[in-house]
Amino acid sequence: MKTTTCHGETAKPSRLRFHESATAHVQGRAAYIDDLPLVEGTLHAAPLMSPVANARLLDIDLSDTLAAPGVTGVVTALDIPGDPLLATFVHDESIFSGSQLMHVGQVMGLVVGHSHTQMRHAARQMRLQTEQQPPLLHARDALQAASFVLPQVTVQCGNPLQALAHAPHLLQGTLEVGGQEHFYLESQIAYAIPQENGQWLIHSSTQHPGEVQHWVAHALHLPLSQVRVVCRRMGGGFGGKETQAGHLAVWAALAAHKFGRPVKMRLDRGDDILITGKRHPFSHDWQVGFDAQGHVLGFESVQLVHCGHSADLSGPVADRAIFHTDNAYYLSDLTITSHRCKTHTQSHTAFRGFGGPQGVLLIETVMGDIARHLGLDALDVRLANLYGVGQRDTTPYGMKIEDNILHPLMTQLVERCDYRARREAVREWNNQHTVLKKGLALTPVKFGISFTATQFNQAGAVVSVYTDGSVRVNHGGTEMGQGLHTKVCGLVARVLGLPAGQVQASASDTDQVANASATAASSSTDLNGRAAVNAALQVRQNIAACIAQADGCNADAIRFERGQVISPTRQRSFTEAVQYAYGQRVQLWSDGFYATPKIHYDRNTLTGRPFYYFAYGAACSEVAIDTLTGEYRVLRTDILHDVGHSLHPEIDLGQIEGGFAQGLGWLTTEELVWNAKGELLTKGASTYKIPTAADMPAQLNIELWHEANREANVGGSKAVGEPPFMLAISVYEALRDAIGATRPGNTPIRLDTPATAERVLNAVLNRV
């Protein structure tokens, strides 16, 4: 695998190598919740899971479960001191299932006892008597049955009906978009420990400690101040530990409350997959009108969202899909209708991109179909429909795009990857070969950054400087392997003029920073980094004022550089300056707060400015398919991605590569299969195929766009967590391009996702 990089002029070598947990990771000393020493008397909990979907519970027999070795007892809905419903936004999900069982794997209660293994075995001794009904497993069936978790939403701009009626060309199509299992390395886990005076300590592998705090307090009927949630790090999250981590914490806390002892609850992989929600599958029906050059004149989309049995985060996920259906393209006249469908499956939840990939994939499919219909290069159709600068620059939801770099970024990638020459080479190859066909595609990404729920765009941090010159920062974000703590430490170090390694991050802790937002929406460095910078600036100002008074100068004249505090008359080490300031009774710690400016959003009309800025990128992928088997290889991918002025190029490159790989898995190999009874068959590594090194492009070239963020974001940077995920759509479009080379004419290429070898072969044989 070949990787090239362009770091940009602000990528200083002193910031490249530091990683706050690197040594602990490589030595195996990085502590996760399952590594914590057990408090004496700790019990373990395992879930009692429904074996059926859409069934009425007639009777439950737990006698064998209770008689199993090591069992202390069970926890049911009768043991909940607070609200039996989870404190979700919609308030529609029970902590434990009631008389109606909604999906296979739904948690009915807990068995609690001396060991994890014993409790898993005991849970399987449960016997049920049920009355089953046919489950709704597809959104189209749910739509027909009028089964919804939320009301439908319609967004319209311009006059799409008139535009479609007068368009010279019309196309319509259907696209089924599969879901995706998070498959984080560390499964869901929580450890609930009773404290004195009715207080609680919850160790949770969570992206949102504040939400876990809220859910646990709600279930135990306690004030939030009596519940402390701590998370040092997660072994991956990808959105799956935003709301879903709260379930484990509530269950463990309820068990600890009933038995008066600490309780740890960890899900094995198979149980985790059965219980937790996935990326939302989507069903798209669309119609587009366009002219002879491929310009979109009118667009109509009906989006069926497979939500599962409860709303969870389906509302904002579906809204984000609407917001990103335009992707990089100006759509003047469109209507989008979104149905939030209730099915008898796991309740689907946040996943990297949060609805955006499902919307972007739709419009990129449409662009590819337009090009094929007209006999044009798909790249030219995409370029023709790009947002403009100063014109054609307003989104369907009313936001003016002020930072558009789409055309120069795509043009630069076209030149660097030699797209035009390779397009001709692919055409020549396909003319000369019958069995192996190649495809090539270049697709862009425009991705809005901010929480669409405006109130979540805020963050807090505390920076503490100790008398030996060491520094600690605590902020509301959580570390799940994305390098958030490393970036925040680097930002604080930059403010104080210190080596990054001199600043340490502490565990995310609701006792330290209250009311923190989730680590999600690619906004965590933007929010928490700026809050930490604001805190560090206050500490620096305090020290500078003290040193200025001692040296008889203005505080503005004090410089913090390379571990030194420098005035016009004297130079001190940072430690010396800190110790002097301490002797003068100067505050050496401070809190910081940040709220994202400019954003506003009307949830009723889905209009406003929901995003602070956009992150951009583009990828060009080349594939080869075997027309006899449907098997294929990704030969080469070139990526040019916009991260602004990178705070840590190595982390950003890793996020781009990882996001692309995860997007590749979603689009090509990761298939969720439910049988007619509602049983999820793909519930482990043996049946659910995440991408491996063998699935990655043989040649992968990644470069960073050189330009700083035009908004006043921290360090001139841009978000990098979610946008690269959609770069993998270039592979999907390249596959469709290769399939198109197997048949004459201009008929659209139907290829649902994931584009497994089987689906590729069926598309080649035109039997979709």
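Read-outs: derived from the displayed coordinates by stated rules, not from any lab. What you are looking at is a predicted structure, and each value in this text was computed from that prediction instead of being measured. For neighbour counting, all protein chains shown are included, and Cβ atoms are generated from backbone atoms with ideal geometry for every residue, glycine included.
The translational diffusion coefficient of the stretch 458-595, from Stokes-Einstein at 25 °C and 0.890 mPa s with a Kirkwood hydrodynamic radius over alpha carbon pairs, comes to 164 µm²/s.
Packing around the peptides 134-146, 707-719, taken as the average count of other Cβ atoms within 10 Å per residue, puts them in this order, highest first: 707-719, 134-146. 3J(HN,Hα) couplings calculated from phi for the stretch 115-127 with the Karplus curve 6.51 cos²θ - 1.76 cosθ + 1.60 (θ = phi - 60°) are, in sequence order, 8, 4, 5, 4, 5, 4, 5, 4, 4, 7, 8, 5, 10 Hz; Gly and Pro show x.
Subtracting the Cα-Cα distance from 0.36 nm times the residue separation, let me have the gained length for Arg427 to Leu66 in nm, one decimal.
123.2 nm is the gain from fully extending Arg427 to Leu66.
Quote the relative contact order of the stretch 458-595 in percent (integer), defining contacts as alpha-carbon pairs under 8 Å separated by 6+ residues. Here the relative contact order equals 35 percent. Taking a straight line from the alpha carbon of Lys241, these aspartates and glutamates sit under 18 Å away, with near neighbours fewer than eight places off in the same chain left out: Asp34, Glu93, Glu181, Glu186, Glu211, Asp268, Asp271, Asp272, Asp312, Glu479, Asp509, Glu722. Based on Cα contacts under 8 Å between residues 6+ apart, the chain shows a relative contact order of 16 percent. In order along the stretch 742-748, phi translates into HN-Hα couplings of 8, 9, x, x, 10, 5, x Hz, rounded to whole numbers, per the Karplus curve 6.51 cos²θ - 1.76 cosθ + 1.60 with θ = phi - 60° and x for Gly and Pro. Using just its DSSP H runs of length 4 or more, each adding -39500 (n - 2.57), the chain gives a mean residue ellipticity at 222 nm of -8500 deg cm²/dmol after division by all residues. Can you work out the FRET efficiency for the pair Asp626 and Val673, with r the C-beta to C-beta distance and R0 = 25 Å, to the nearest 0.05? The calculated FRET efficiency here is 0.60.
Taking Kirkwood radius over Cα pairs in Å as calculated from this structure, the corresponding entry among (i) 29.4; (ii) 31.1; (iii) 27.4 is (iii).
As a calculated quantity, the FRET efficiency between Thr467 and Glu40 at R0 = 51 Å, using C-beta atoms, amounts to about 0.90. Taking the simple approach of a point 7 Å from Cα along Cα-to-Cβ for both Asp83 and Trp589, what is their distance in nm? With each label placed 7 Å out from Cα toward Cβ, I get 3.3 nm.
Distance between the modelled labels on Glu196 and Asp380, one decimal in nanometres: 7.8 nm (7 Å Cα→Cβ projection). Extending 7 Å from Cα along the Cβ direction at Asp752 and again at Glu561 yields two label points whose distance is 6.4 nm. With 0.36 nm allotted per residue and the present C-alpha distance subtracted, the Asp92-Thr394 stretch has 105.1 nm of extension available.
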